[in-house]
Structure formats: structure tokens, C-alpha cells
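Here's the structure, in C-alpha cells; my notes come after.
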Amino acid sequence: MTETRSDCNGLTLVNDDFFSLTRTAVPPPPAVGPGMSDWRGLSAAEVAERIARGQVNRTPRSDWAEYGDIVRRNLLTLFNLMVVPAAIALFWLGEYPGAWAVSGMALVNTVIGLVQEVRAKRHLDRLAVLVEARARVLRDGEVRELPAGDVVLGDHILLAAGEQVVADGTVLVSRFLEVDEALLTGESDPVPRRPGEPLLSGSICVAGEGLYRADRVGGEAFANLTAVQARRYRYTASPMQRTINLLIQILTYTAVVLCLLYVPLYFVRAIPPADLWKMIAATITSMVPQGLVLMTTLAFILGAVRMSARGAVVQRLNAVESMAAVNVLCMDKTGTLTTNRLRLDRLWVLSSGPGEEVVRSRLRVFANVSVDRRNKNLLALREALGEVPADEPVELLDQLPFKSQNRYSAVRVRQRGEEHVLVLGACEALAPYLDRQDSSWQTAWKELLPTGLRLLLFAEGEEKPAEKSAGDPASSVRDGPPPVYFLFGASSFILRPLALVALSDELRPEAGAVLEALAGQGIGFKIISGDNPETVRATIAHLNLPLAREPVVAGDQLATAPDPAEIIRTHSVFGRVAPQQKVQIVETLQAQGNHVAMIGDGVNDVLPIKRADLGIAMGEGSAAARTVAGLVLENNNFELLPATLEEGRIILRNLRRAGKLFLLKNVYTLFLIIVALGIFKLPFPYVPQQVTLLNALTIGVPVFVIMLGRRPVREPSRVGYLREVGWFAVATGLVVGLAGLTVYLAAPLAEGNDARMQRTLLLSTLILLGLGNLVRAVAHGERQPLAAVRWVFGWVLLALLVYGIAMYVGPVATFFELKPLGLREWGLVLLVAAPALVLCLLTDRFQGMTNSPARMTKE
């Protein structure tokens, strides 16, 4: 039988004593609804039937369809649509070397793209199994824990604080059930849910517990189940990938415009058809850096694989990029800096109370009948105090479950014929309702605060006394203003403090070393906790960091501050902050130009985790926190954090290097086409096969090796991607273009009008400068440049050997249309390349002066 009561806010609560997820001494009523069998859930036969009908909680999908999408996306690129006609034309005209070179480049790019995307899909599918939401369902009268995707239509699903609603449904049983729908609707206040009312998938239980029926599953559910959607492979570009895609679009359109301009040039200069198609093919393959996208995807996948091998599960590939840019880390204290393994350290029974034995008995009752089954405080109390004896049955009459907004919980019970209202919560939250004549708790509280223990006040409610007349002496018993009364149901109470409950939660042994390592990476910290500021201060006092000596800002101080943004900027430790204040801190830091990560484990951390640039959840945290996070420390190992963020920095550093090399070639190629071909009317700078050789020696192989690089980053770059890469590409590209043009113009003076010799001299100059700038790009920002570029010197020697074979071995030279150079020709190349390389080095100094801190942009 159910009872309907009202809570302190006048909301209707439904109390169903049968619905109990752990053993207590509360006896169940004889029946629920028409009978207990109504809540046995589906039978095995019913489950099998619904699975056969496809009524399962998975969004319909086809692996073959998803693989087909990957194939289409990699085949039908603008690059391929431009290259394939050029290759066909070259085959038709009998220009087989150029045709094979162009076809091979398109084929290699397509195959690499296909392989990497298929690997990404398979990798994300495997990782999703580790962090997929789970649900507790009733089947044949037993509780079973299943992946959310295995829930079927009509399943009866149990719900408790911290769990996510995994399917749209109807509430069957509610014990003070409240859900947070902020992730769906933006509404930050929890919503009470009663029997017969709807629940939406994606919402989170924040208080109480309940039972609901899955009425809409899979693709029919409101939110399509966030966890199920995470299992579907979807190509989503990160901010850096979007920037790179934009650059490629611009360069592709530039290549198209150039190719269109070749048509009137074809008629004006009477260019042979074969040469026209060579020009088109060479322009496309040299101007469109298609491999840059592939290398970016490859880098993110490699990073995700490396991190997952350590136990840090990447749920979205763009989280890898976010790791690189983080410069402020916000963290909850409990469960993040601490182990979150609470135990009862001491019970400070107040002298004004009824005595230790009575207080322990009532605290035991509170811990066992409370609906907050997974609350760590109550778990610690149940472990320390045990269960209520079977011969002392307790009848639960009403309850207020714990919520972060209130910071307390309460029960009304009947035992041995007497009713008791018992309340447990933060001292500051209960202080307004306490008997002001009894201040004994304050002395004990102040004495315990410096210990760093988590302090809760246990109190009992006494009925509001009858009003006294002004002349009655009893009216002056209480000093000061009249107390605020604690409302429960239709009655109001004044609370009498019984005891202080002190719970211990040790700092993680590795916390100090982890934070010091992160500080060494240039990362700032904000500790934002719901605990008392003094408790937070005592917990972090032993950390060897400046923040351990800073004053702790309380949540009410932040709320009343005239300039909260300045307080958030200048302070690092916050206590007694509400969930919305955590979001405020994250958003303020972002508005101040920071890239913010938020790490937490509880339901009250869900919104700031989702709002941060990088959300990190502890593996043992709530399902809701894990669902919205981009990164999950699956094995709960806090020590992974420095290595994980360092991995992101390494990946971003490598991608910047790759971007410099790719875009460098685009700049000097565009310069040579416009100036050499358009103004000086020289032959087109390359033939297609020479572009392939240039790409392989100065970009393709080196960039692949760069992506595998594991050297630590000295410090995160605060210069934007476009600013750093764009400056390098434009400044260096113009220098290389001028050097190439100089050689190209000088060649006829020394060798006559031999187009093959001119192109050989130009290609030799570009390869030497390309290898020199490779060394420069890898050495930039390294503490030990020589150690960082050791492999580059090896590649330079190998590349020169390969180029020598391409030039001096007859059949190979014929394929690449190269002529062997003598000492005089090599002297000309070196005479131009050496000063050009020195000038490139000088551009680095100029870039360092222009990248002052005031000009640095957010990553």
C-alpha cells in the first residue's frame, strides 16, 4: 500500500515501503498494487519474444551501411573527383609515367583513409563496451544488471540516485524520486516524478529511487539513448580538423581556379594537350594537401589507442585534441583528490543529547531506512553501526532524500510506538533550524574542522512549541530572533543536535605527485568542492603546491561577491559550492580565455563536466558522469592524468609539424605557378611524377615518422594553430619560392632552354630546402634540438640517396624526367639553397618576437 505525503516544499511524495533495494528492518506491506507479481518484471519468454521482434534498446543500425558510408566518404572526395579525370586523360594520351604517378597518389590517399576510418570505427566500438551505460531490471522477480542496449520494450527498470534513465518510460513506483533533465531541457532544478508520470531517456536520477517501465526503446526514445549513440560510429571533425578542412577547401578551390586559367593559356601559348593535362594533374597533386586530413585522423586514433592501453578510455576522438590545449584543470575533491572510501572516524555525541547508546541507535535507524542506498556517507555508517535488530522493527513514515541543493536528508520513523524525525546533513545547512539555546555542537564542530574530516550534524526534530503570550515568562526562554522551523509534511520542527558524525576520506597517495607533474606542464588548478571550506583546506594542506596555502573561498562568498569573475581568476580553492556554481566557475574560466578540463565522479559534477572543454570522469564514478565525459579513467587511476594530457600535447605538437610541411609546399608551388609560369612564361615547374617524388621525400615519409614521435613537449604552445602553422608556411614558402625561381631563371643561362634540366635544377633545390626545413620544423621548441632531430639527419641521408638513384639510374631518371647534374649544376643549386635556408632560420627569430604573450591566442 502506498502513502501520499508532502515534503517541506509542499510537493507530493509517494512512499512505497515494498520497493527496497537493500535489506533493512522495514517490513514490506502485504501487497503492491493488485499484487506483488505485478512487479516481477518480464519473464524469460517475454524477453525472448521482444528480442525476436527487434524491440530492444538499440538504435537500428547496419555495420555494412556504416562501412559503406566510410567507403563513399573516402572515394568521393573532391581531390579524387579532380585527379581521376586527369589520370584518365594522361592514360588516353599515352603519358603513362604521369598517369601512374597521379593514380598511385590518389590510390594511396584513399587506401590510407579507408584503413584509418575503419580502424577508428572498430576502436570506438570496442571502447564503447567499457563505458556503456548499464541498467538494473526486474526479470522473473530477480534484479539483473544489463547493458542499456539489452533492455527490451516493457522491461521494469530500477532507478537510484546517480543512475541514468536509459529508455523513455512511465514511473510505476516512486520513493521520493527526483530526476535532473538539464542535459535534455536545460532546466537545472530537479523534477519530482510520481507513479504514472513520464521519464525521458538521458535524464539522471538525483534523489530517491523508483521503478519505471520502458515504453519506448532504441530509436523511438527521446534522446536516442546517449550511451547507445556513443556506440554508433559517426565521423565528427574536431576543431583542428575543421580548420584543416577549411584550409583544404580554400586550396582546392585555388587549384580549380588555376586549372581553369590554364584553358585560355592553352590556346594563347599553343600548349600541347598532353602538357595541359600534366599541368592540371601536377597542380592538383601539389596544391591539395589531402594527406594532412589522413595524418590528423591517424594521430587521434594512435593517441586514443595508447591511452586506452593504460586505462584512459577516449569516448570521442576530438577529446584527444582537447587534452593538448588544457591549461586549467578543475576538480572535485571527493572521489578525485581523495579515495572516496569513507569510514566512520568518530561519533562525537553531544552532552546535551539523550546519551551515546540512544544516539547510536537512532543513527543506525537513519542509515538503514534511508532511501539513499548508494550515498557514501550512509554506506560508511551502515558498515560501522550495522543493521537494526530484527526484534526492533522500524516503520518508515516519510522521507526527504539527500540533494546537493539542500545538503541534508531526513526521515520520519515510528519505533516502539514513538515517532522520530531524524535529520543528517552539513552543519551550515542545518544551522538555521537548530535550537539556538544549544550551542554545544559549535564548540565540537570548530574543534574538529582542522582535522580535515568530513563533518555531518545528526539532529532530531521536536514539534514546534505552541505560541506564548507576550507576558508569559516562557516567551523569553530563547535568546535572539525566533528560529526558522524545519518543515516536514504538515508539521514544523525545531532541530535538537544529537551528535557530530566525522567521516574520514584519505587523500590519494599519488595526488601530490600528480598535481606537481601537471603544474610542471604549465597547468593551473581549481579545486571546487561541496565540502566545508575548512575541511577542504585541511585535506589539501599537505600538498606541495601554492594552492595549499591559499585561503578557501566559500560558495556564499562567491555568490555575494561584487566581482565573482575576479575571485575565480585569482583563487584556486573553493568550498561549499553548489552544482550551479561549479558550472559558473568553468564558464567564467572559459570566458577569460582558458581551455578548461573538469574531472569529477558524482551526479553534481555532470553539468560542469559537460560544459568544460574536456570532461573527465573517474571509472568508479556515477554512470551519468561517465556518459557525458570525453575521457574516462576506467581503472580509477588518478596517476594517468599527467601522461594523458601530455599525450594530447605530443599529438598536437606533431600535427603542427605536419601542417607546416604540408602547407609549405602549397605556398611555394602557388608562388612558382603564378610567377614562373604566369609572369616569366617559363615551363610549368613540375611534371606529375616529380610532384610524387617531392611529396614522398619531404612530406609523406617524414610526416608519418613525426606522427609516431613520443618526445615530451617542453611547454604547451599558446599560439593558435593557424598563426603558428600559417606563419611558417607563408614566410618559409615565399623564401623557398624565391630560391626556386632564382634557379629556374638562372638555368637557361647556364644550360640553355632545356626544360628537363630546368625542372631537375628546380626539384633539386626544392628537395634540399624541404629537407632543411624538415630539420627546422622538428627542432622548433625542443629543449635538446640535436637529440630531437637525430632521426631527421638519418632520413636526410636516405632521402638524398633515393633522389640520387632517381636522378642517376637511367630507367628511373627517365620515369621521373630528370637529367643527371654535374658539379657545376650542384654548385648552382647549393649557391641558391644555402642562403635561402639561412633566411628561413631568420624568420623563426622574427616569429618569436611577434608572438608576444599579449598576442597569443587560445589553443
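The values are calculated or read from the model by the stated rules, or taken from the named source; none is laboratory data. For clarity, every value in this text was computed on a predicted model and none was experimentally measured. Positions of Cβ are generated from backbone atoms using ideal geometry, with glycine treated the same way; all protein chains shown enter the neighbour counts. Areas reflect the complete protein model, heavy atoms only, side chains present, ligands, DNA and RNA absent. Shrake-Rupley method; radii C 1.70, N 1.55, O 1.52, S 1.80 Å.
Condition (residue is closer than 30 Å to G303 by Cα, open to solvent by 10 Å² or more (accessible area, probe 1.4 Å) and in a loop (DSSP other than H, G, I, E, B)) applied to the range 354-376: is it met by at least one residue?
First pass over the range 354-376, keeping only residues closer than 30 Å to G303 by Cα: none.
Looking through the range 354-376, none of the residues is closer than 30 Å to G303 by Cα, open to solvent by 10 Å² or more (accessible area, probe 1.4 Å) and in a loop (DSSP other than H, G, I, E, B).
Just to be sure, is A160 at pLDDT below 85 and in contact with a Lys or Arg (Cβ under 8 Å, 6 or more places away or on another chain)? If you could, list the steps in order and put the result at the bottom.
Details: at pLDDT below 85: yes; in contact with a Lys or Arg (Cβ under 8 Å, 6 or more places away or on another chain): yes.
Considered against the rule, which asks whether it is at pLDDT below 85 and in contact with a Lys or Arg (Cβ under 8 Å, 6 or more places away or on another chain), A160 comes out as yes.
Please verify whether V47 is at pLDDT 80 or above, outside any loop (DSSP other than H, G, I, E, B) and either more than 20 Å from L211 (Cα to Cα) or in contact with a Pro (Cβ under 7 Å, 6 or more places away or on another chain) (or both), treating the condition exactly as stated.
Considered against the rule, which asks whether it is at pLDDT 80 or above, outside any loop (DSSP other than H, G, I, E, B) and either more than 20 Å from L211 (Cα to Cα) or in contact with a Pro (Cβ under 7 Å, 6 or more places away or on another chain) (or both), V47 comes out as no.
Between G593, G555, G602, which is of a type outside the set (A, V, I, L, M, F, W, C) and closer than 16 Å to T338 by Cα? Walk me through how you get there before you give the answer.
Numbers: G593 fails: closer than 16 Å to T338 by Cα; G555 fails: closer than 16 Å to T338 by Cα.
Of the residues listed, the single one that is of a type outside the set (A, V, I, L, M, F, W, C) and closer than 16 Å to T338 by Cα is G602.
Filter the range 326-337 down to the residues that are of a type outside the set (D, E, K, R), modelled with pLDDT under 80 and touching a Gly at 6+ places or on another chain (Cβ under 9 Å) and list them by number.
Looking only at the range 326-337, we keep the residues that are of a type outside the set (D, E, K, R), and these are 326-331, 334-337.
Then drop every residue that is not modelled with pLDDT under 80, which leaves 334-337.
Listed by number, the residues that qualify are T334, G335, T336.
Answer yes or no: is there a residue in the range 612-633 that is over 30 Å from A135 (Cα atoms) and either charged (D, E, K, R) or part of a loop (DSSP other than H, G, I, E, B) (or both). I'd like the intermediate steps shown before the answer.
As a first pass, look at the range 612-633 and keep what is over 30 Å from A135 (Cα atoms): none.
Checked the range 612-633: no residue is over 30 Å from A135 (Cα atoms) and either charged (D, E, K, R) or part of a loop (DSSP other than H, G, I, E, B) (or both).
If you check V802 against the conditions, is it among the aliphatic types (A, V, I, L, M), touching a helix residue (DSSP H, G or I) at 6+ places or on another chain (Cβ under 7 Å) and at pLDDT 95 or above?
Yes, satisfied.
Can you tell which of G740, G726, G709 is surrounded by 23 or more Cβ atoms within 10 Å (Cβ to Cβ) and in contact (Cβ under 8 Å) with a residue 12 or more places away in the chain?
Matching residue, one of G740, G726, G709: G740.
Return the residue satisfying two criteria in turn: it lies in the range 511-527 and is part of a helix (DSSP H, G or I), within 15 Å of H542 (Cβ to Cβ) and in contact with a strand residue (DSSP E or B) (Cβ under 9 Å, 6 or more places away or on another chain), and of such residues it is modelled with the highest pLDDT.
Across the range 511-527, the extreme among qualifying residues is L515.
State whether one or more residues within the range 100-120 are at pLDDT 85 or above and open to solvent by 40 Å² or more (accessible area, probe 1.4 Å).
Looking for residues that are at pLDDT 85 or above and open to solvent by 40 Å² or more (accessible area, probe 1.4 Å), one finds at least one in the range 100-120, hence yes.
Hey, among the residues in the range 811-827 that are assigned to a helix (DSSP H, G or I) and open to solvent by less than 40 Å² (accessible area, probe 1.4 Å), which one's nearest to A747 (Cα to Cα)?
Looking at the filtered set, the residue picked out is E825.
Considering only residues of the range 68-85 that are modelled with pLDDT under 75 and open to solvent by 30 Å² or more (accessible area, probe 1.4 Å), which is farthest from Y253 (Cα to Cα)?
Residue satisfying both the conditions and the ranking: R73.
Residue under question is T338, and the condition is that it be in contact with a Leu (Cβ under 7 Å, 6 or more places away or on another chain), open to solvent by less than 10 Å² (accessible area, probe 1.4 Å) and hydroxyl-bearing (S, T, Y); does it hold?
Values: in contact with a Leu (Cβ under 7 Å, 6 or more places away or on another chain): yes; open to solvent by less than 10 Å² (accessible area, probe 1.4 Å): yes; hydroxyl-bearing (S, T, Y): yes.
Criteria met by T338.
Can you tell me which residue in the range 189-217 is modelled with the highest pLDDT, limited to those that are open to solvent by less than 10 Å² (accessible area, probe 1.4 Å) and either among the hydroxyl-bearing types (S, T, Y) or within 25 Å of the chain's Cα centre (by Cα) (or both)?
Per the stated criteria, the residue is Y212.
Hey, among L184, L225, which residue is under 27 Å from the mean Cα position of the chain (by Cα), over 24 Å from R139 (Cβ atoms) and modelled with pLDDT under 80?
The conditions single out L184.
What are the residues in the range 244-285 that are of a type in the set (S, T, N, Q) and open to solvent by 20 Å² or more (accessible area, probe 1.4 Å), if any?
The answer is N245, Q249, T254.
Could you check how many residues of the range 748-766 are buried (at least 23 other Cβ atoms within 10 Å of the Cβ) and either in contact with a Ser or Thr (Cβ under 9 Å, 6 or more places away or on another chain) or not in a helix (DSSP H, G or I) (or both)?
2
Take the range 280-307 and flag every residue that is in a helix (DSSP H, G or I), more than 15 Å from S103 (Cα to Cα) and out of contact with any Asp or Glu (no Cβ under 8 Å at 6 or more places or on another chain).
Of everything in the range 280-307, those that are in a helix (DSSP H, G or I), more than 15 Å from S103 (Cα to Cα) and out of contact with any Asp or Glu (no Cβ under 8 Å at 6 or more places or on another chain) turn out to be M287, L292, V293, L294, M295, T296, L298, A299, I301, L302, A304, V305.
Please verify whether the range 386-401 includes one or more residues that are open to solvent by 70 Å² or more (accessible area, probe 1.4 Å), under 29 Å from P533 (Cβ atoms), touching a strand residue (DSSP E or B) at 6+ places or on another chain (Cβ under 9 Å) and outside any strand (DSSP E or B).
From the range 386-401, those open to solvent by 70 Å² or more (accessible area, probe 1.4 Å) are 387, 390-391, 393, 395; that's our starting set.
Those left that are additionally under 29 Å from P533 (Cβ atoms): none.
Scanning the range 386-401 turns up no residue that is open to solvent by 70 Å² or more (accessible area, probe 1.4 Å), under 29 Å from P533 (Cβ atoms), touching a strand residue (DSSP E or B) at 6+ places or on another chain (Cβ under 9 Å) and outside any strand (DSSP E or B).
Report yes if F638 is aromatic (F, W, Y) and more than 30 Å from A274 (Cα to Cα), otherwise no.
Considered against the rule, which asks whether it is aromatic (F, W, Y) and more than 30 Å from A274 (Cα to Cα), F638 comes out as yes.
Filter the range 767-797 down to residues that are of a type in the set (K, R) and either surrounded by fewer than 19 Cβ atoms within 10 Å (Cβ to Cβ) or out of contact with any helix residue (DSSP H, G or I) (no Cβ under 7 Å at 6 or more places or on another chain) (or both), then give me how many there are. Walk me through how you get there before you give the answer.
Applying the first criterion (of a type in the set (K, R)) to the range 767-797 yields 776, 783, 790.
Add one more test, that the residue is either surrounded by fewer than 19 Cβ atoms within 10 Å (Cβ to Cβ) or out of contact with any helix residue (DSSP H, G or I) (no Cβ under 7 Å at 6 or more places or on another chain) (or both), and what stays is 783, 790.
Selection size over the range 767-797: 2.
Select, from N666, N637, N654, the only residue that is under 20 Å from Y721 (Cβ atoms) and either surrounded by fewer than 24 Cβ atoms within 10 Å (Cβ to Cβ) or without any contact (Cβ under 8 Å) to a residue 12 or more places away in the chain (or both). Reasoning before the result, please.
Working: N637 fails: under 20 Å from Y721 (Cβ atoms); N654 fails: either surrounded by fewer than 24 Cβ atoms within 10 Å (Cβ to Cβ) or without any contact (Cβ under 8 Å) to a residue 12 or more places away in the chain (or both).
Exactly one residue qualifies, and that residue is N666.
Can you spot a residue in the range 643-651 that is free of Cβ contacts under 8 Å to residues at least 60 places away in the same chain and surrounded by fewer than 22 Cβ atoms within 10 Å (Cβ to Cβ)? Walk me through it before giving the result.
Kept after step one, since they are free of Cβ contacts under 8 Å to residues at least 60 places away in the same chain, are these residues of the range 643-651: none.
No; the residues of the range 643-651 include none that is free of Cβ contacts under 8 Å to residues at least 60 places away in the same chain and surrounded by fewer than 22 Cβ atoms within 10 Å (Cβ to Cβ).
Please state which of the following conditions F704 fails to meet, knowing it meets all the rest: (1) without any contact (Cβ under 8 Å) to a residue 24 or more places away in the chain; (2) under 20 Å from A799 (Cβ atoms).
Going through (1) without any contact (Cβ under 8 Å) to a residue 24 or more places away in the chain; (2) under 20 Å from A799 (Cβ atoms) one by one, F704 breaks only (1).
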